[in-house]
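Undergrad: Below are the structure tokens for one structure; questions will follow.
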Amino acid sequence: MSAIVKINNLTKSYGSRKVLENVSYELEEGQIIGLLGPNGSGKTSMIKILVGLINDYSGDVTIDGLKPGAKTKSMVAYLPEKTYLASWMTADDAVNYIADFYDDFDKKKAMEMLDLFQLPHKQKARTMSKGQQEKLQLILVMCRNARLYILDEPMGGVDPAARDFILDAIIKNRPEGSTLLMSTHLIHDIEGVLDSIVMIGRGKLLMQDSVEHLTSAGKTVNEVFKEVFASDWQF
């Protein structure tokens, strides 16, 4: 397999505070990867660099050989942690808006998924619960035919009973051969679908490994995560 994402000596600071320091790793195309780390570890800054929202960093970052920016937006679908929906938008409005914006968006599939997720088509975003907003935004992302999906806490506002359903929808609607990078605290809920993990702590790469190798000694990914962050890297 070839690497769709290559990161070499990535460093990012906000004033005198470093949030990422000399981070280097590659993401293999076609995999489902968990981006794991506590709050404040640098995960969201890294994601914003990958999707082209942050440009003032040092080091090299490429997606399919290109620096994140206008040219990579056509191959990357991004789900931010916070809602971006306009308060006046209905679910149908949001679907139509994204359909106009992205040529690779499957509007018919999105409308079907609104029904699958039991989201009212005419309900305005301002009256939706956090979980409903997250479901709608997830639909808008997963109905694009992208090569790389980057999801920042995709199930943070969804109740535990719905997480398996949401995760199954993510996996089933991911185009064959595409890459999925998920940042999450809900390791137990997603580790069964992961091919590999990247662990970040205090802005540094602590571990990158395949799940098969990581769990070969009989431990779960969640158990390994707790061990990694139990001592010096405890937040």
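Undergrad: With each pseudo-label sitting 7 Å past Cα toward Cβ, what's the ASN96-LYS73 distance in nm, one decimal?
TA: Placing both labels 7 Å beyond Cα along the Cβ direction yields 2.2 nm.
Undergrad: Still on this structure, I have one more. Please report, for the Cα atoms of the range 1-58, the Rg to one decimal and the Dmax as a whole number; what are they, in angstrom?
TA: Both quantities, over Cα of the range 1-58: 11.9, 39 Å.
Undergrad: Treating the beta-carbon of each Lys and Arg as +1 and of each Asp and Glu as -1, no other charges, what is the dipole magnitude of the chain about its Cα centre, to the nearest 20 debye?
TA: I would put it at about 800 debye.
Undergrad: Additional query: Could you give me the percent of Cα pairs per 10 Å distance bin for the range 176-226, shortest bin first, beginning at zero and ending with the bin that holds the maximum distance?
TA: Calculated P(r), rounded to whole percents: 22, 60, 18, 1.
Undergrad: On the Cα set of the chain, report Rg and Dmax in Å, please.
TA: 17.7, 52
Undergrad: Across the range 97-143, how many lysine pairs, 8 or more positions apart or on different chains, have C-alpha atoms separated by under 18 Å? Please give the number.
TA: Lysine pairs meeting both conditions in the range 97-143 amount to 9.
Undergrad: Separate question: With a 1.4 Å probe and every protein chain kept in, tell me what percent of the accessible surface of the chain is carbon plus sulfur.
TA: 49
Undergrad: Turning to a different aspect of this structure: Could I have the simple spin-label model distance between ALA86 and ASN55, label points 7 Å from Cα toward Cβ, reported in nm to one decimal?
TA: 2.5
Undergrad: Let me ask something else about it. Test of understanding: in a Gaussian network model of the chain with alpha carbons linked when under 10 Å, which of PHE165, PHE105, PHE117 would top the mean-square fluctuation ranking?
TA: PHE165
Undergrad: Give me the mean projected area, in nm² to one decimal, of the convex hull enclosing the Cα positions of the range 126-186.
TA: The orientation-averaged projected area of the Cα hull of the range 126-186 comes to 4.2 nm².
Undergrad: For the range 104-160, rounded, prolate or oblate, judged on the Cα gyration tensor with a ≥ b ≥ c (square roots of eigenvalues), a/c < 1.5 rounded, else prolate if a/b > b/c?
TA: oblate
Undergrad: Return the calculated 222 nm mean residue ellipticity for the chain, to the nearest 500 deg cm²/dmol, obtained by summing -39500 (n - 2.57) across DSSP H runs with n ≥ 4 and dividing by the residue count.
TA: -8500 deg cm²/dmol
Undergrad: Additional query: Which values, in whole Å and largest first, are the semi-axes of the equivalent ellipsoid of the range 57-142 obtained as the square root of 5 times each eigenvalue of the Cα gyration tensor?
TA: So the equivalent ellipsoid measures 28, 15, 11 Å along its semi-axes.
Undergrad: What figure, in Å² to the nearest 10, do you get for the accessible area of SER13 with a 1.4 Å probe and non-protein molecules left out?
TA: 40
Undergrad: Under 14 Å from the Cβ of GLY30, count the other residues' Cβ atoms, weight Lys and Arg +1, Asp and Glu -1, and hand me the total.
TA: Net of charged neighbours comes to -4.
Undergrad: How many angstrom lie between the Cα centre of the range 186-215 and the Cα centre of the range 1-64?
TA: Measuring centre to centre over Cα atoms gives 15 Å.
Undergrad: Write down Rg/Rh for the range 125-235, rounded to two decimals, with Rg from the C-alpha atoms and Rh from the Kirkwood relation over Cα pairs.
TA: That ratio equals 0.99.
Undergrad: Still on this structure, I have one more. Among THR220, SER129, VAL76, flag the residue with its Cα farthest along the positive direction of the charge dipole of the chain, charges on Cβ as +1 for Lys/Arg and -1 for Asp/Glu.
TA: SER129
Undergrad: Please state the charge dipole magnitude for the range 107-235, taken about the Cα centre, from unit charges on C-beta atoms (+1 on K and R, -1 on D and E), reported in debye and rounded to the nearest 20.
TA: Dipole size: approximately 840 debye.
Undergrad: Taking every eigenvalue of the Cα gyration tensor of the range 1-134, multiplying by 5 and rooting it, what semi-axes result, largest first, whole Å?
TA: In descending order the semi-axes read 32, 18, 14 Å.
The values are calculated or read from the model by the stated rules, or taken from the named source; none is laboratory data. Source: prediction; values computed, not measured. Don't worry about glycine lacking a Cβ; one is built from the backbone with ideal geometry, like all the others, and counts go over all protein chains shown. We work out accessible area using only protein heavy atoms, side chains counted, and drop any ligands, DNA or RNA first. Shrake-Rupley method; radii C 1.70, N 1.55, O 1.52, S 1.80 Å.
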